[in-house]
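Working notes, structure below.
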Amino acid sequence: MNPDDLKKRFKVFALRIIKLSKSLPNDLIGNTIGKQIIRSGTSPGANYRAACLGKSDKDFLNKLKIVEEELDETSYWLELIIEAELVNPDLLEDLINENNELFKIIVSSITTMKRKINSKKEN
């Protein structure tokens, strides 16, 4: 997958998170969790775009680690939404799967970049 495809995928993911937040109950719990998941679920796309503009391999790597953290946090909020029974779990299955797939892609990219940086140190 090339960077432009991944940018688009992150944007679609962010839009799905926004739609999810709109479906949460309009009460203290729904509003609080909604704000949290909007922050964590829209952040990976913005941070990935920033990573693509990284000034160096280390800069790229550090920004990818932020993407990883935000995806992990989004996973937490999705779990909480299900366990608090705020949304039917069946409705979140695809979104959870996409979060997990994006997480795996980023972890793989981090691993690859670490290898690249380490091989440069050895040369």
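Read the figures in this text as sums done on the coordinates, not as results from a lab. What you are looking at is a predicted structure, and each value in this text was computed from that prediction instead of being measured. All Cβ positions, even for glycine, are placed from backbone atoms using ideal geometry, and neighbour counts span all protein chains on display.
Once Rg and the Kirkwood radius are both taken over the C-alpha atoms of segment 1-107, their ratio Rg/Rh works out to 1.00. Qualifying GluC sites (Glu not before Pro) in segment 46-106, where qualification requires a DSSP coil assignment and no more than 12 other C-beta atoms within 10 Å, comprise Glu85. Using alpha carbons only, what's the Rg to Rh ratio of segment 1-58 with Rh from Kirkwood? Across segment 1-58, the Cα-based Rg/Rh ratio is 1.13.
In segment 26-118, which trypsin sites (Lys or Arg not before Pro) are in a loop and have at most 12 other Cβ atoms within 10 Å, using DSSP for the loop call?
Sparse-neighbourhood loop trypsin sites (Lys or Arg not before Pro): Lys55.
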